[in-house]
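A short reminder: the numbers here are calculations on the coordinates, not readings from a lab. If you're wondering where the values come from, they're calculated on a predicted model, not measured in any experiment. Don't worry about glycine lacking a Cβ; one is built from the backbone with ideal geometry, like all the others, and counts go over all protein chains shown.
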Amino acid sequence: MSKTERTFIAVKPDGVQRGLVGEIIRRFENKGYKLVGLKLLKPTVEQAQQHYSDLSSKKFFGGLCEYFSSGPIVGMVWEGLGVVKGGRVLLGATNPADSLPGTIRGDLCIDVGRNVCHGSDAVESAEKEIAFWFPEGVVSYNNHSEGQIY
Ligand code: RTP
């Protein structure tokens, strides 16, 4: 049984540069998730290293942090039933070569190093990432359509 959760989703610098912000937001809205946090920011290299600290031993870590801090990203918090897993389903597999058509990465990119979006991989990492990117907190509000969605 899914529970109401929150997840951190980011449109990475290549996604912002390519004008895909609206497309990615549209897919999350269409699915029925609720937007409770949204900001445009240019991460520092230090913020990128902190965000991806679990991957610090990987050989692509340096390039990944350089890429993630190379331009503005759009950081978002989405809320909804099972949104952590469901959000990852919308994004598709990490490597676009394995992402199915119909997913964001399956439809919109071809290179694992430029895969346009990020999504938290577990409820615990979502909580950590939301606290890191939204230390001021997110917005609570009643969505009038909520009763119809859930
Ligand atoms: P993300 O954190 O960005 O949502 O990606 P993910 O969980 O699907 O994948 P993860 O293993 O955490 O990798 C983070 C990001 O690192 C880049 N990557 N490059 N060159 C490579 O082989 C390689 N592998 C991963 C991707 O941009 C991936 O999203």
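Give the number of residues within segment 66-83 that are in a helix (DSSP H, G or I) and in contact (Cβ under 8 Å) with a residue 24 or more places away in the chain.
So the count comes out to 3.
Looking at (1) part of a helix (DSSP H, G or I); (2) surrounded by 15 or more Cβ atoms within 10 Å (Cβ to Cβ), which is the one condition that is false for Gly63?
Every listed condition holds for Gly63 apart from (2).
So which pairs qualify, if the first residue must be in segment 99-122 and at positive phi, the second must be of a type outside the set (A, V, I, L, M) and within 12 Å of the ligand (Cβ to nearest atom), the Cβ gap must be under 8 Å, and the two must be at least 6 apart or on different chains?
Val116/Lys12; Val116/Asp14; Val116/Gly15; Val116/Arg105; Val116/Cys109
Scan (1) over 17 Å from Asn30 (Cβ atoms); (2) part of a helix (DSSP H, G or I); (3) away from the ligand (no atom under 13 Å from the Cβ); (4) not aromatic (Phe, Trp, Tyr) for the single condition Gly86 breaks and write down its number.
(1)
Quick one: in segment 103-133, which of the residues that are part of a loop (DSSP other than H, G, I, E, B) and within 8 Å of the ligand (Cβ to nearest atom) is surrounded by the fewest Cβ atoms within 10 Å (Cβ to Cβ)? Steps first, please.
First pass over segment 103-133, keeping only residues part of a loop (DSSP other than H, G, I, E, B): 109-111, 115-116, 120-122.
Retained after the next criterion (residues that are within 8 Å of the ligand (Cβ to nearest atom)): 115, 120-121.
Details: Asn115: 22, Ser120: 25, Asp121: 16.
Among residues in segment 103-133 that are part of a loop (DSSP other than H, G, I, E, B) and within 8 Å of the ligand (Cβ to nearest atom), the one surrounded by the fewest Cβ atoms within 10 Å (Cβ to Cβ) is Asp121.
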